[in-house]
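The values are calculated or read from the model by the stated rules, or taken from the named source; none is laboratory data. The structure displayed is predicted, hence computed values, not measured ones. Cβ placement follows ideal geometry from the backbone for every residue including glycine, while neighbour counts extend to all protein chains displayed. Remember, those area values only see protein heavy atoms, side chains included, never the ligands or the DNA or RNA. Shrake-Rupley method; radii C 1.70, N 1.55, O 1.52, S 1.80 Å.
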Amino acid sequence: MQDAQRYDPVARLLHWLTVLLIVLQFSIAWTMPEIHRGVEPTGLIGWHLSVGVAILAVVLVRIGWRVTHSEPAAPTSLSPVLQAISRITHFALYGLLVALPFLGWANASARGWAVMLFGTIPLPQLVAKGSALGQQMGDVHQTAALVLLASIALHVLGAMYHLLVVKDRTVQRML
Ligand code: HEM
Ligand code: HEM
């Protein structure tokens, strides 16, 4: 396949790195100890914060790359409704991948936890320790994670639709 018909190597690398980190992040989130008052951010909880901040960093680089580089032309023109669903899903994925880490970070700050970038660079506190808003952000964070999962499911369904029903080269453009 000609390179002009695929996403460039950086866009592909960032896409699959995000997928890898998201799989890792949900695996950690669902196995880490329950977070309640007095719990310290060690072990798997510490990993959840680190991987979450790494996702934020990768996604911000990806959005920067996306707005400065053109995407390959679509191999098939879908109906306007399907095109709109695809655009809204991509937009929702980017939005959630940015919002989720900030919501978790705000909750971590409310718990008085230090959040680090790649385990070394300390990041500022988003809200004061004990902040009621920061505590509520924890619930919003959990709900937003479920909305992200639903958006990913829709996205993968769309990819399968291209691969198995339309039988065009949309999926190959990201491989
Ligand atoms: C895209 C990235 C992220 C995803 C997909 C994600 C996902 C989740 C999920 C599914 C839970 C619920 C776990 C459970 O059921 O017990 C959770 C909880 C939590 N996450 Fe994240 N998370 C992300 C990023 C972050 C970041 C960057 C931080 C902090 C720096 C963070 C801090 C927390 C905290 C403090 C909780 C507990 C919330 C509460 O007690 O209400 N998360 N996360
Ligand atoms: C954690 C899971 C995933 C996330 C968060 C994610 C996120 C994204 C985002 C935000 C885009 C928009 C790219 C852009 O236009 O800038 C995209 C495109 C794409 N993704 Fe994913 N993706 C995930 C999993 C997958 C999987 C499993 C597949 C393949 C089965 C896949 C195949 C594609 C393809 C083919 C495109 C290009 C679509 C097009 O240009 O119309 N993605 N992905």
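So what is the accessible area of the chain per residue, in Å², with the probe set to 1.4 Å? The partial results should precede the final answer.
On the way: 10730 Å² over 175 residues.
Here the residues of the chain average 61 Å² of exposed surface.
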Practice problem: For Met116, list long-range residues whose amide hydrogen, built 1.01 Å from N in the peptide plane, is under 5 Å from its own amide hydrogen. | Solution: Leu123
Quiz item: Looking at Val147, Pro33, Leu117, which one has the Cα that reaches farthest to the positive end of the dipole of the chain (charges on Cβ: Lys, Arg +1; Asp, Glu -1)?
Solution: Val147
Self-check item: Rounded percent of accessible protein surface that carbon and sulfur make up, the chain, 1.4 Å probe
Solution: 70 percent
Quiz item: Do the sum for the chain: with -39,500 (n - 2.57) for every DSSP H run of n ≥ 4, divided by all residues, what is the mean residue ellipticity at 222 nm, to the nearest 500 deg cm²/dmol?
Solution: -22500 deg cm²/dmol
Quiz item: What does the charge count near His90 come to, summing +1 for each Lys or Arg and -1 for each Asp or Glu among other residues with Cβ under 12 Å from its Cβ?
Solution: +2
Quiz prompt | Spatial separation of Cα centroids for region 63-112 and region 1-52, in angstrom | solution = 15 Å
Exercise. Return the long-range amide H neighbours of Asp168 (sequence gap of 5 or more, or a different chain), with a cut-off of under 5 Å between placed amide H atoms.
Key: none
Exercise. For region 75-84, take each phi angle, set θ = phi - 60°, evaluate the Karplus expression 6.51 cos²θ - 1.76 cosθ + 1.60, and give the result in whole Hz per residue in order, putting x for glycine and proline.
Key: x, 9, 8, 6, 5, x, 5, 5, 4, 5
Quiz item: Which residue, Ile35, Ile63, Ile22, has the most motion in a Gaussian network model of the chain that connects Cα atoms within less than 10 Å?
Solution: Ile35
Quiz item: How far is helix 9-31 tilted off the main Cα axis of the chain, in degrees rounded to 10, range 0 to 90?
Solution: 40 degrees
Quiz item: Just by accessible area at a 1.4 angstrom probe, what is the order of Tyr161, Tyr7 from largest to smallest?
Solution: Tyr161, Tyr7
Exercise. Determine ³J(HN,Hα), in whole Hz, for all residues of region 59-72 in sequence, where each value follows from phi through the Karplus function 6.51 cos²θ - 1.76 cosθ + 1.60 and θ = phi - 60°; x replaces Gly and Pro.
Key: 5, 5, 4, 5, 5, x, 5, 4, 7, 9, 10, 7, 8, x
Quiz item: Which of Trp30, Trp47, Trp65 moves most in a GNM of the chain, Cα contacts under 10 Å?
Solution: Trp30
Practice problem: State to the nearest 20 debye the size of the charge dipole of region 3-174 about its Cα centre, where the only charges are +1 on K and R beta carbons and -1 on D and E beta carbons. | Solution: 200 debye
